[in-house]
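The values are calculated or read from the model by the stated rules, or taken from the named source; none is laboratory data. Keep in mind it's a predicted model, so treat the numbers as computed, not measured. Using ideal geometry, Cβ is built from the backbone for each residue, glycine included, and neighbour counts are taken over all protein chains shown.
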Amino acid sequence: MSNNSSKFPYIMLVIAFSMIGFATYQLNKMPDSKYPAFKPEFALHSANGPVSFNDLAGKVSVVFFGYTHCPDVCPATLVNFANALKMLDEDERNKVRAVFISLDYERDTPETVAKYTRFFHPEIIGLTGNKEEVAAAAKAFMVPNEKNKPNAKGNYTMNHGTYVYVIRSDGKLGELAGHKNSSEQVAASLRKWIKWAD
């Protein structure tokens, strides 16, 4: 038997282990984002001080834009946020951040937003900012940011969009959901990405 023939089984073994290793790597590798052009960013304020998008690094975040005077979409969405958080165990919740951003800088202060979000769940982070900060956040997330015409009493509504953004632990957009997604769907989406969170 030639030397080449005797080496053949070892070569095949090395190739087999290499293929297994590559397959394992692919299974454990975070998939590429379906939204590579999406670049989420913000620099806003909570009741406890400044909060930037980078502060969420390493966590899975679910982000929604709205305002505290919203009559329907915002409270319904935050109820879903709260119920989804309750479905997670303690270890899972430690790897998640739920964020509500108010676009209504004229009426909503960081303290107002914090009080509002705490009503739904104490772990939902409420943020807002001044006109420029809010506009920059809305632009980064491609969110409508339009104040509708006030009524006779001076009250107004805002067009803020209804998308829910699930941000991966690497800061990229993982999923774009709708405000009508159930709590179960939100929790399932969070769990999908939690396994890659630090």
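Please verify whether region 110-118 includes one or more residues that are acidic (Asp, Glu), surrounded by fewer than 23 Cβ atoms within 10 Å (Cβ to Cβ) and in contact (Cβ under 8 Å) with a residue 24 or more places away in the chain. Within region 110-118, one or more residues are acidic (Asp, Glu), surrounded by fewer than 23 Cβ atoms within 10 Å (Cβ to Cβ) and in contact (Cβ under 8 Å) with a residue 24 or more places away in the chain. In region 74-91, the residues that are within 18 Å of His179 (Cβ to Cβ) reach residues that are among the basic types (Lys, Arg) and assigned to a helix (DSSP H, G or I) with C-beta atoms within less than 8 angstrom, at least six apart or across chains, in these pairs: Leu85/Arg93. Among residues that are free of Cβ contacts under 8 Å to residues at least 60 places away in the same chain, under 20 Å from the mean Cα position of the chain (by Cα) and crowded, with 17+ Cβ neighbours inside 10 Å, Ile167 is not included. Among the candidates Phe120, Phe38, Phe65, Phe53, which residue alone is of a type outside the set (S, T, N, Q) and not assigned by TED's automatic domain parsing to the domain that holds Gly154? Just one listed residue meets the conditions, Phe38. Which residues, counting only those in region 144-175, are closer than 13 Å to Tyr67 by Cβ and not in a loop (DSSP other than H, G, I, E, B)? Residues satisfying the conditions are Glu146, Lys147, Met158, Asn159.
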